[in-house]
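The values are calculated or read from the model by the stated rules, or taken from the named source; none is laboratory data. Note that the structure is predicted; figures quoted are calculated from it, not measured. Note that each Cβ is placed from the backbone with ideal geometry, even for glycine, and that neighbours are counted across all protein chains shown. The area values use the complete protein model at the heavy-atom level, side chains included, leaving out ligands, DNA and RNA. Shrake-Rupley method; radii C 1.70, N 1.55, O 1.52, S 1.80 Å.
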Amino acid sequence: MFDGLKDKLSGFREDVEESTEVEEEAPPEAEANAESGAVVEDDAATADAAAAETAETAEVEETAAADPDETGSDDEPSTFQRAKAFATGRIIIEEEDLEEPLWNLEMALLESDVEMSVAEQILDSVRESMLGESRKQVETTGELVESALHDALVDVIAVGQFDFEGRIAEAEKPVTIVFTGVNGVGKTTSIAKLSEWLADRGYSSVLANGDTYRAGANEQIREHADRLGRDLISHDQGGDPAAVIYDGVEYAEANDVDVVLGDTAGRLHTSDDLMAQLEKIDRVVDPDMTLFVDEAVAGQDAVNRAKEFDDAAAIDGAILTKADADSSGGAAISVAYVTGKPILFLGTGQGYDDITLFDPEELVESLLDEE
Ligand SMILES: Nc1nc2c(ncn2[C@@H]2O[C@H](COP(=O)(O)OP(=O)(O)OP(=O)(O)O)[C@@H](O)[C@H]2O)c(=O)[nH]1
Ligand SMILES: [Mg+2]
């Protein structure tokens, strides 16, 4: 899961390590400079001015910026501060050290289908935390990179997160959840999985088939219901989805069922008739939650659709399916930031147990894990 993205993130760490390794390799000069430069010790401006005075030195500096590998043996004044910092066990990351790695990181994120505004937000916060206060005292560049990336990623991924199970526990029963999204992304399968997930936590559920549109939809969900031993409320094809889900709620009330899981037909946010059905479900049933389902493998398309659905018929959260087949991770990173609504579950396979509560912290740790 998300292996491509994981590789690319570790590329960023390597890039920054490479572009700062000059300073790390320069301890002897560092000491020499620190001694001879004692007078200007705490004054970066003076050190820089000294550099500007000598045209030759300035030239060396430019070369240094273009190719960090060549600066190892140079002792121009501009490295004075960094070298001194190294001697005292500090690593200073300069803007220029980050320029190329950050550019590469941006390309990597975009290639991984991370949405543009999300990639920019990640870059801004990585830049800020690496050049900001935390640059003062860190053990290694790798650790600095890791903590900057960790915080930047968690900040965008965790937007809107809430405690799903807590909300189910506290809500008045029955809790009604409606699932929506385009065709074939895994809505019906996710309902079956969630029914099992809820059962594992002590909550009973009934399935209500609001997909009265597609031929064979009743048979398909019936199969899941039978396999799982759940009750299913369904009407004939062509019936009113709002009426089916309403019946599901009534059934749950009469039978003390905790949760109603309402399926709907796949639709595009632009299909007016079908979107009007969703509005009717909202009006008639007033569900506690509407969850948008899409497939992680759809990348940017999934992100765009989440936004479009949320605009057309407010969603409360998202389920990203087929994460098991997704290497890019872009949708998982972007959906919450773009919609302001959290990803609540990841679908990770075709079995009923292949559903995982989405945990931003855990996801980021696995993305940054070096193993
Ligand atoms: N690998 C993998 N396959 C999945 C996952 N979730 C669903 N699928 C598969 O995706 C296919 C479509 O799933 P459905 O649940 O029928 O999708 P749907 O959104 O209800 O489709 P429509 O009702 O036609 O709009 C099925 O073959 C599922 O087994 C998942 O997390 N991982
Ligand atoms: Mg379906």
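The table for this structure:
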{"item": "Residues satisfying the stated conditions in segment 245-271, i.e. of a type in the set (D, E, K, R) and away from ligand 2 (no atom under 16 Å from the Cβ)", "result": "Asp247, Glu250, Glu253, Asp256, Asp258"}
{"item": "Within segment 251-310, tally of residues that are under 30 Å from Ser327 (Cα atoms) and part of a helix (DSSP H, G or I)", "result": "14"}
{"item": "Subset of segment 287-304 (residues that are in contact (Cβ under 8 Å) with a residue 24 or more places away in the chain and open to solvent by 50 Å² or more (accessible area, probe 1.4 Å))", "result": "Asp288, Val297, Gln300"}
{"item": "Tabulated pairs, segment 172-184, first in the same structural domain as Asp247 (by TED's automatic domain parsing) and touching a residue at least 12 places away in the same chain (Cβ under 8 Å), second within 16 Å of ligand 2 (Cβ to nearest atom) and polar (S, T, N, Q), C-beta under 7 angstrom, 6+ apart or interchain", "result": "Val178/Thr264; Val178/Thr290; Phe179/Ser190; Phe179/Thr264; Thr180/Thr264; Thr180/Thr290"}
{"item": "Pair list, Cβ under 8 Å, 6 or more apart: segment 109-124 residue closer than 16 Å to Ala158 by Cα, other residue among the charged types (D, E, K, R) and assigned to a helix (DSSP H, G or I)", "result": "Ala119/Glu106; Gln121/Asp155"}
{"item": "Residue tally, condition open to solvent by 10 Å² or more (accessible area, probe 1.4 Å), closer than 13 Å to Ile177 by Cα and within 13 Å of ligand 1 (Cβ to nearest atom), over segment 219-272", "result": "0"}
{"item": "Residue check for Gly216: more than 32 Å from the chain's Cα centre (by Cα), at positive phi, within 16 Å of ligand 1 (Cβ to nearest atom) and open to solvent by 60 Å² or more (accessible area, probe 1.4 Å)", "result": "no"}
{"item": "Answer from Glu143, Glu165 - the residue that is free of Cβ contacts under 8 Å to residues at least 12 places away in the same chain, open to solvent by 60 Å² or more (accessible area, probe 1.4 Å) and away from ligand 1 (no atom under 11 Å from the Cβ)", "result": "Glu143"}
{"item": "Residue identified as of a type outside the set (Gly, Ala, Ser), at pLDDT below 95 and within 19 Å of Thr188 (Cα to Cα) among Leu274, Leu261", "result": "Leu274"}
{"item": "Set Leu153, Leu207, Leu149, Leu198: member being buried (at least 19 other Cβ atoms within 10 Å of the Cβ), more than 16 Å from ligand 2 (Cβ to nearest atom) and over 30 Å from Leu110 (Cβ atoms)", "result": "Leu198"}
{"item": "Residues (open to solvent by 20 Å² or more (accessible area, probe 1.4 Å) and of a type in the set (A, V, I, L, M, F, W, C)) located in segment 168-195", "result": "Ala169, Ala171"}
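Yes or no, residue by residue, for (1) assigned to a strand (DSSP E or B); (2) in contact (Cβ under 8 Å) with a residue 40 or more places away in the chain; (3) crowded, with 21+ Cβ neighbours inside 10 Å; (4) in contact with a Pro (Cβ under 7 Å, 6 or more places away or on another chain):
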| residue | (1), (2), (3), (4) |
| --- | --- |
| Asp324 | no, yes, no, no |
| Lys341 | no, yes, yes, no |
| Leu346 | yes, yes, yes, no |
| Gln350 | no, yes, no, no |
| Thr356 | yes, no, no, no |
| Glu361 | no, yes, no, no |
| Val364 | no, yes, yes, no |
| Leu367 | no, yes, yes, no |
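Yes/no per residue for (1) more than 16 Å from ligand 2 (Cβ to nearest atom); (2) more than 22 Å from Leu109 (Cβ to Cβ); (3) of a type in the set (Phe, Trp, Tyr):
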residue	(1), (2), (3)
Asp311	yes, yes, no
Ala314	yes, yes, no
Lys322	no, no, no
Gly329	yes, no, no
Ile333	yes, no, no
Thr339	yes, no, no
Gln350	no, yes, no
Glu365	yes, no, no
Glu370	yes, no, no
